[in-house]
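Participant: Quick one: this structure, given as structure tokens, is what I'll be asking you about.
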Amino acid sequence: MTEQPSRRLLLVHAHPDDESINNGATMARYAAEGAQVTLVTCTLGERGEVIPPELAHLNGPALGRHRMGELTTAMGELGVRDVRLLGGPGRFADSGMMGLPDNEDPGCFWQADVDEAAALLAEVIRETRPQVLVTYDPDGGYGHPDHIQAHRVATRAAELAAAAGHGPARVYWNRVPRTTAEAAFARLGEELRGLPFDRAATVDDVPGVVEDERIDVEIAAGDTPYAAAKAAAMRAHATQIEVAGSCFALSNALAQPLFTTEYYELAAGQPLPEARATDLFAGLAADAGAAS
Ligand SMILES: CC(=O)N[C@H]1[C@@H](O[C@@H]2[C@H](O)[C@H](O)[C@@H](O)[C@H](O)[C@H]2O)O[C@H](CO)[C@@H](O)[C@@H]1O
Ligand SMILES: [Zn+2]
């Protein structure tokens, strides 16, 4: 039986790029510190728009394969080695933005049976035994069907794992504190002229913004190598993201801040020993490593 690292983190995301945008610095930090970091991505983003003109021909399965390559490159930048597609490559297709006919595709993630998808994720939890699971809030951060479904599947999988005696000690939701977002957009407005973007997004465009008091953990990368790794990982997702300095834009070309501090709300599990902790595992009994 091989020993697992004493700290084990599982992140559940909807598309290739979400993990770097939301948790790139966090993943890089914990990977560098020797924690086990497992990423489960639920779709390959086959219905995404494509930014670079030279790649505009990519769509459907070809885009999905290309984005899997982007994800592999991005995880190399973060030092994350355990990357899995929920149910295997192509099991659940990208559902498209909320309200589009794409949502009715019987093979898309939005149409998946939550219990069936959760059983697949629960198997990953049984194998990897994470103490910490990170996913989106019930609205998926911004209402995208795949993000909402990722929340539902991750939540149900954690319940299944707990019922089997090996559930995560903590479940966190990706968050951004409102005052931080507002201050970052105020600075962005002054910097926009020097950026390759014509317009800026707004605070309302940022997923998961909540009042400051709901933030339980902040992982500040500041000027550490983890901030640079996050930017490099986001750049690797070139079909979806354009990075310029301390900002980025998705295919809508709306500039938004690239946060090098990442924030979390404790959704379930063991309370934290202090307000605004700086470690997702703070206060958890460091086990010797579960047998795999
Ligand atoms: C960050 C994220 O979740 N991206 C999703 C999203 O992409 C957006 C979508 O194409 C929208 O129409 C654009 O205006 C926006 O700029 C994109 O970020 O939805 C895609 C389709 O489901 C998905 O592939 C992409 O990963
Ligand atoms: Zn997404």
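The values are calculated or read from the model by the stated rules, or taken from the named source; none is laboratory data. Note that the structure is predicted; figures quoted are calculated from it, not measured. All Cβ positions, even for glycine, are placed from backbone atoms using ideal geometry, and neighbour counts span all protein chains on display. Calculation scope for accessible area: heavy atoms of the full protein, side chains included, ligands and nucleic acids excluded. Shrake-Rupley method; radii C 1.70, N 1.55, O 1.52, S 1.80 Å.
Participant: Out of all the residues in segment 83-96, is one or more open to solvent by 20 Å² or more (accessible area, probe 1.4 Å), within 15 Å of ligand 1 (Cβ to nearest atom) and among the polar types (S, T, N, Q)?
Facilitator: Checking segment 83-96: not a single residue is open to solvent by 20 Å² or more (accessible area, probe 1.4 Å), within 15 Å of ligand 1 (Cβ to nearest atom) and among the polar types (S, T, N, Q).
Participant: Look through segment 244-265, keep the residues that are over 13 Å from Phe185 (Cβ atoms) and touching a strand residue (DSSP E or B) at 6+ places or on another chain (Cβ under 6 Å), and return whichever of them is farthest from ligand 2 (Cβ to nearest atom).
Facilitator: The extreme case among them is Thr261.
Participant: Restricting to segment 1-41, what's the tally of residues that are assigned to a strand (DSSP E or B) and open to solvent by 40 Å² or more (accessible area, probe 1.4 Å)?
Facilitator: If we filter segment 1-41 for residues that are assigned to a strand (DSSP E or B), which is where we start, we get 3, 8-13, 36-41.
After this cut, where a residue has to be open to solvent by 40 Å² or more (accessible area, probe 1.4 Å) as well, the list is 3.
Total satisfying the criteria: 1.
Participant: I've got another one for you. Does Asp205 qualify as being in contact (Cβ under 8 Å) with a residue 40 or more places away in the chain and among the acidic types (Asp, Glu)? Can you show your working first?
Facilitator: Values: in contact (Cβ under 8 Å) with a residue 40 or more places away in the chain: yes; among the acidic types (Asp, Glu): yes.
Answer is yes for this residue.
Listed here are the residues, each with its yes/no results for (1) touching a residue at least 12 places away in the same chain (Cβ under 8 Å); (2) on the phi < 0 side of the Ramachandran plot; (3) open to solvent by 60 Å² or more (accessible area, probe 1.4 Å).
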| residue | (1), (2), (3) |
| --- | --- |
| Glu123 | no, yes, yes |
| Val134 | yes, yes, no |
| His147 | yes, yes, no |
| Arg156 | yes, yes, yes |
| Gly165 | no, no, yes |
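Participant: Another question about this same structure. Count, please, the residues in segment 2-41 that happen to be under 16 Å from Leu133 (Cβ atoms) and within 11 Å of ligand 1 (Cβ to nearest atom).
Facilitator: Residues meeting the conditions: 6.
Participant: Could you check, for segment 223-230, whether at least one of its residues is without any contact (Cβ under 8 Å) to a residue 12 or more places away in the chain, closer than 17 Å to Asn22 by Cα and either assigned to a helix (DSSP H, G or I) or open to solvent by 20 Å² or more (accessible area, probe 1.4 Å) (or both)?
Facilitator: Yes, segment 223-230 contains a residue that is without any contact (Cβ under 8 Å) to a residue 12 or more places away in the chain, closer than 17 Å to Asn22 by Cα and either assigned to a helix (DSSP H, G or I) or open to solvent by 20 Å² or more (accessible area, probe 1.4 Å) (or both).
Participant: Would a scan of segment 62-77 turn up a residue that is modelled with pLDDT of 95 or more, on the phi > 0 side of the Ramachandran plot and open to solvent by less than 60 Å² (accessible area, probe 1.4 Å)? Walk me through how you get there before you give the answer.
Facilitator: Pass one, segment 62-77, residues modelled with pLDDT of 95 or more: 62-77.
With the extra rule that they be on the phi > 0 side of the Ramachandran plot, the set shrinks to none.
No, every residue in segment 62-77 fails to be modelled with pLDDT of 95 or more, on the phi > 0 side of the Ramachandran plot and open to solvent by less than 60 Å² (accessible area, probe 1.4 Å).
Participant: A further question on this structure: Could you run through segment 177-203 and say how many residues are open to solvent by 70 Å² or more (accessible area, probe 1.4 Å), part of a helix (DSSP H, G or I) and modelled with pLDDT of 90 or more?
Facilitator: Within segment 177-203, residues that are open to solvent by 70 Å² or more (accessible area, probe 1.4 Å), part of a helix (DSSP H, G or I) and modelled with pLDDT of 90 or more number 3.
Participant: Within segment 232-262, take every residue that is away from ligand 1 (no atom under 16 Å from the Cβ) and outside any loop (DSSP other than H, G, I, E, B) and give me the one that is surrounded by the fewest Cβ atoms within 10 Å (Cβ to Cβ).
Facilitator: That would be Thr261.
Participant: If you don't mind, another one. Could you list, in sequence order, the residues of segment 235-264 that are among the polar types (S, T, N, Q), in contact with a helix residue (DSSP H, G or I) (Cβ under 7 Å, 6 or more places away or on another chain) and within 19 Å of Glu70 (Cβ to Cβ)?
Facilitator: Thr239
Participant: Counting just the residues of segment 263-292 that are open to solvent by 70 Å² or more (accessible area, probe 1.4 Å) and among the small types (Gly, Ala, Ser), which one comes out modelled with the lowest pLDDT?
Facilitator: Quick first cut of segment 263-292, residues open to solvent by 70 Å² or more (accessible area, probe 1.4 Å) only: 270-271, 273-276, 278, 285-286, 288, 292.
Right, trim to among the small types (Gly, Ala, Ser) and you get 275, 285-286, 288, 292.
Working: Ala275: 95, Ala285: 86, Ala286: 67, Ala288: 41, Ser292: 38.
Result: Ser292.
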